[in-house]
Structure formats: structure tokens, C-alpha cells
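Engineer: So that we are looking at the same thing, I have put the structure below in C-alpha cells.
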Amino acid sequence: MKDALQCPSLFKAYENYFRIGAAVNGRMPADPAYDALICRHFSSITADNQMKPMFVMDHKATLAGGDPLHAAVRFDWVDSLLSYAREKGIAVRYHTLAWHNQTPRWFFAKDWSDAEDAEPASKETMLTRLENYILDVMNHVNTAFPGLVYTWDVVNEAIEPDQGAPGLYRTRSPWYMACGEDFLPAAFRAARKGQAPGQTLCYNDYNAFDPVKRDAIIDLLKKLQAENLVDTMGMQGHYVMNNMDISLCEAASRAYAALGLNLQVTELDIHCNSGSDEAQQKLAQLYGDYFAMLRKLKDEGVRIEAVTFWGVTDADSWLTGFRRETSYPLLFSREKKAKPAYDAVMNM
Ligand code: XIL
């Protein structure tokens with residue numbers, strides 16, 4: 001396997017198709033090897049964590065501020081990654097504004113209480129807090145770093161068929177518990193106010209290829225579209241090698257595009273629990289077929305804006321923790337070599 005820094009640039013190879021992105025963590029910009037790898041192969045970055053609400057909302061300052069409707073925010077982590085991107089000329093997709101995970105529980109509580117049994121804030125309060133938060137983030141980013149962010153994950157993971165609710169909403173989300181489904185249009189309305197020209201607003205979810213979940217997402221997207229609130233469907237793309245079905249990915253992509261939306265693959269990885277040649281060849285075949293499908297859609301006029309890998313090398317994939325077994329899911333190895341999957345994606 002070749003050193004990834006000796007290989008032709010991924011993003012340049014895809015220049016006529018879509019941006020190629022990677023999720024990066026807070027340590028990578030200062031690591032010369034990662035910096036070089038990112039700059040060579042990716043034209044877009046996403047923070048794997050540091051732009052999520054838990055890293056932006058500031059409890060102490062919120063309590064000190066004493067405003068029940070306005071959480072205080074801090075942007076040191078956001079700014080450090082945005083400064084890196086600006087310096088390197090790399091575009092950014094902002095992940096994420098409204099999510100049930102990695103958002104402090106005190107944000108949902110009356111009087112910003114951090115107690116486990118705190119009384120929840122009212123729906124009205126939460127809708128106002130949501131709008132204030134979204135506008136604070138967007139105004140800051142668009143003022144301090146104009147032109148850098150091209151898309152916003154406004155709402156992440158609001159549909160969950162397993163919870164069996166009407167509309168297949170994720171009912172055990174603190175957002176749903178506080179506001180029902182109304183938090184979705186509210187978040188997107190705020191984001192429409194905060195967006196800068198050229199930025200797209202994205203609804204993002206996983207298993208978006210699954211026909212049952214897909215149809216529920218489509219119902220949601222149609223509701224948002226009735227108010228012109230959404231531009232892009234983000235299919236996360238956390239796949240598993242042994243049951244990935246590219247024809248379902250294609251059918252779902254077409255179904256979202258048929259609504260008139262742009263498309264993004266936002267968090268691509270294919271879990272593979274072996275580094276053996278055989279397994280890595282199989283992974284390569286899947287990646288090759290998947291990218292061939294995406295190129296075909298793009299050639300047919302589907303507006304694919306970007307494809308973002310969730311990590312740079314296998315060493316920084318979240319899957320090893322999430323799946324509780326070592327994962328080898330990306331294009332570059334732990335030793336920063338280009339894997340067969342890289343060759344398959346480049347073979348067009
Ligand atoms: C993951 C990060 O990669 C991990 O480091 C973190 O511990 C948990 O979140 N869907 C998403 C991402 O939208 O934000 C998640 O990222 C992966 C699943």
C-alpha cells in the first residue's frame with residue numbers, strides 16, 4: 001500500500017462531481033501528518049464533535065446571565081477549527097444545531113438546572129431557546145468567518161422507527177419531549193433567518209436508505225418543504241460491510257432527489273471488522289460500487305453537494321468504540337497508507 005501523501009488527491013479527482021470531505025477532531029490540525037493528509041485529499045471538513053451543542057453551550061455563563069430564554073455560548077472550539085479551515089482554504093459543513101445527543105441536559109430544564117430530576121422547561125420556552133441558540137451560532141459563524149460554511153445540519157436524527165410513534169418520530173428525544181414535532185420547523189425557520197447567501201440547510205439522519213425510515217423522512221421533508229424550510233437531505237451513511245445494500249442507497253437517494261432537494265452523504269464509513277486482504281478487498285468492491293452509483297446519479301442531474309467520510313484514517317474512526325470491535329472502515333489505514341478502498345474510489 002502506498003503512503004497516502006504520495007497518492008493523487010481524492011478531492012481533485014472528484015472536482016467535477018462533488019466535494020469530498022472528512023470529519024476531523026480537534027487534535028488533527030496541529031498534527032503535521034494529519035494536516036498534510038487533510039489538505040491533500042479533502043475539500044471539506046466537518047467537526048466530529050467540537051461544533052455540537054455540548055461544546056458551545058456554556059452553563060456557568062448561562063446561569064450568570066440570568067436570562068431564562070437565552071443560553072450563553074462560547075466559540076473557542078468552533079473558532080479554532082474554522083480558523084484552520086480558513087487558513088487552508090477548505091470549506092466547512094457545520095454539524096450540528098438541534099440534536100437529542102451531545103446537548104447538555106440543563107439546556108432543556110427550567111431555570112437551567114443541571115439536576116437529574118429537574119423540571120423540564122415549557123414548550124414555549126424551549127422553542128425560544130432553540131431559536132436564540134441557532135441564531136447566535138449562525139450569526140457568529142457568518143460574521144467571523146464569512147463564506148466558509150456551505151451547509152448547516154439544522155436537525156440531526158429526528159426519525160426513529162423503533163420507537164413506534166406516529167410519523168416515526170424519535171419520541172425519546174428531549175426535543176420531542178419538550179415540543180413534539182414542532183421543534184423541527186422551528187429550528188429550520190430560525191436557520192432560514194440566520195443563513196447567509198449560498199448556504200444550504202440540511203436535515204441529516206442515519207439508516208436513511210431503509211425503506212420504512214426513508215418514507216417517514218420523506219413525509220417530514222415534505223412538511224418542511226411546504227414552508228420552503230429545507231434544501232438538502234443528508235444521508236449519514238454509516239454502513240456495515242456484511243449487509244450494505246447499494247441498491248437501497250440508490251433508491252433512497254433518488255426518492256429524496258425527486259422531492260427537488262440537494263443530496264449529501266454526510267458521515268460515510270463502512271464497518272469492517274477485519275484488516276485481512278480478503279476483507280479489505282470486499283470493502284474496496286463496496287466503496288467502488290457505491291461511488292460509481294453516486295457518480296451515475298450526479299451524471300443524471302441529481303444535485304449531490306458533498307460526500308463526507310466520518311474520519312480521516314481507520315485510527316480515528318468512531319466505529320471501533322461504537323461497534324465494540326476493531327474497525328477498518330475508511331480509505332486510509334492506521335499507518336496512513338492508501339487502502340484498496342482508496343484505489344476503488346479513484347478508479348472511475
Ligand atoms: C460521533 C463522534 O464521531 C464520536 O466521537 C462521539 O463520541 C459521538 O458522536 N451520528 C452523528 C455524529 O451525527 O455526530 C456521531 O459522531 C456519529 C453518529
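Where a number appears in this text, it was derived from the coordinates with a stated rule and is not lab data. Just so it is clear, the model here is predicted, and its values are computed rather than measured. All Cβ positions, even for glycine, are placed from backbone atoms using ideal geometry, and neighbour counts span all protein chains on display.
Engineer: What do the square roots of 5 times the Cα gyration tensor eigenvalues come to for the stretch 56-211, in whole Å, largest first, as semi-axes of the equivalent ellipsoid?
Structural biologist: Over the Cα atoms of the stretch 56-211, the ellipsoid semi-axes are 25, 22, 13 Å.
Engineer: Another question, then. Pairs of alpha-carbon atoms within less than 8 angstrom and 6+ residues apart define the contacts here; what relative contact order does the chain have, in percent?
Structural biologist: Values: 642 pairs, mean separation 58.8, N = 348.
Contact order relative to length: 17 percent.
Engineer: Can you pull the semi-axes for the stretch 1-134, root of five times each eigenvalue of the Cα gyration tensor, sorted largest first, whole Å?
Structural biologist: On the way: eigenvalues 286, 40, 29 Å².
Over the Cα atoms of the stretch 1-134, the ellipsoid semi-axes are 38, 14, 12 Å.
Engineer: Mark the label point 7 Å from the Cα of Glu325 along Cα→Cβ and return the residues of the stretch 225-248 whose backbone N is within less than 16 Å of it.
Structural biologist: 239-244
Engineer: Still on this model: In degrees from 0 to 90, rounded to the nearest 10, what is the angle of the helix 76-88 Cα long axis to the longest principal axis of the chain?
Structural biologist: 40
Engineer: Quick one: Cα centre-to-centre distance for the stretch 285-300 and the stretch 308-333, in angstrom?
Structural biologist: 21
Engineer: Can you compute the modelled spin-label distance between Asn347 and Gln225, with each label point 7 Å from Cα toward Cβ, in nm?
Structural biologist: Here the answer is 3.6 nm between the modelled labels.
Engineer: Still on this structure, I have one more. So if each residue of separation counts as 0.36 nm, and I subtract the Cα-Cα distance between Ile246 and Glu335, what length gain in nm does that give?
Structural biologist: Between Ile246 and Glu335, full extension yields an extra 29.2 nm.
Engineer: Can you give me the C-alpha center-to-center distance between the stretch 246-282 and the stretch 216-231, rounded to a whole angstrom?
Structural biologist: The two parts, judged by their Cα centres, are 22 Å apart.
Engineer: Using the number of other C-beta atoms within 10 angstrom as an exposure proxy, rank Trp99, Trp175 with the fewest first. Present the calculation step by step, with values, prior to reporting the outcome.
Structural biologist: Values: Trp99 21, Trp175 24.
Fewest-to-most ranking of Trp99, Trp175: Trp99, Trp175.
Engineer: Sorted by mean Cβ packing within 10 Å, highest first, what order do the peptides 159-165, 146-152 take? Spell out each step's value before the answer.
Structural biologist: Values: 159-165: 15.6, 146-152: 19.7.
In decreasing order of mean packing, 159-165, 146-152 become 146-152, 159-165.
Engineer: Cβ neighbours within 10 Å, averaged per peptide: list 28-34, 213-219 in order, most packed at the top.
Structural biologist: Details: 28-34: 14.7, 213-219: 18.7.
Ranking, from highest mean packing down: 213-219, 28-34.
Engineer: A follow-up question, please. Roughly how big is the chain's charge dipole about its Cα centre, with Cβ charges of +1 (Lys, Arg) and -1 (Asp, Glu), in debye to the nearest 20? Each step should come with its number before you reach the end.
Structural biologist: Values: 36 positive and 45 negative charges, 139 e Å.
That gives a dipole near 660 debye.
Engineer: Return the distance in nm (one decimal) between the two label points of a simple spin-label model at Gln102 and Gln163, each offset 7 Å from Cα along Cα→Cβ.
Structural biologist: My value for the distance between the label points is 1.9 nm.
Engineer: Give a residue-ordered list of calculated ³J(HN,Hα) values for the stretch 237-252 (Karplus: 6.51 cos²θ - 1.76 cosθ + 1.60, θ = phi - 60°; whole Hz; x for Gly, Pro).
Structural biologist: Computed from phi, the couplings for the stretch 237-252 are x, 8, 9, 10, 4, 6, 9, 6, 10, 5, 5, 5, 4, 5, 4, 5 Hz.
Engineer: Report Rg/Rh for the chain, rounded to two decimals, where Rg is the Cα radius of gyration and Rh the Kirkwood radius. If you can, show how the numbers build up before the last one.
Structural biologist: On the way: Rg = 19.8 Å, Rh = 20.7 Å.
When Rh is taken as the Kirkwood radius, the ratio is 0.96.
Engineer: Using a 10 Å cut-off around each Cβ, can you sort Thr313, Thr143, Thr308, Thr320 from fewest to most neighbouring Cβ atoms?
Structural biologist: Placing the least packed residue first, the sequence is Thr143, Thr320, Thr313, Thr308.
Engineer: Shifting gears a bit: Please report Val78, Val307, Val302, Val240 as a ranked list, fewest other C-beta atoms within 10 angstrom at the top and most at the bottom.
Structural biologist: Values: Val78 23, Val307 26, Val302 18, Val240 15.
Lowest count first: Val240, Val302, Val78, Val307.
Engineer: Which distance in nm do the two modelled labels at Arg40 and Ser113 give, with both placed 7 Å along the Cα-to-Cβ direction?
Structural biologist: 5.5
Engineer: So what's the angle, to the nearest 10 degrees on a 0 to 90 scale, between helix 123-144 and the longest Cα principal axis of the chain?
Structural biologist: The two axes meet at around 50 degrees.
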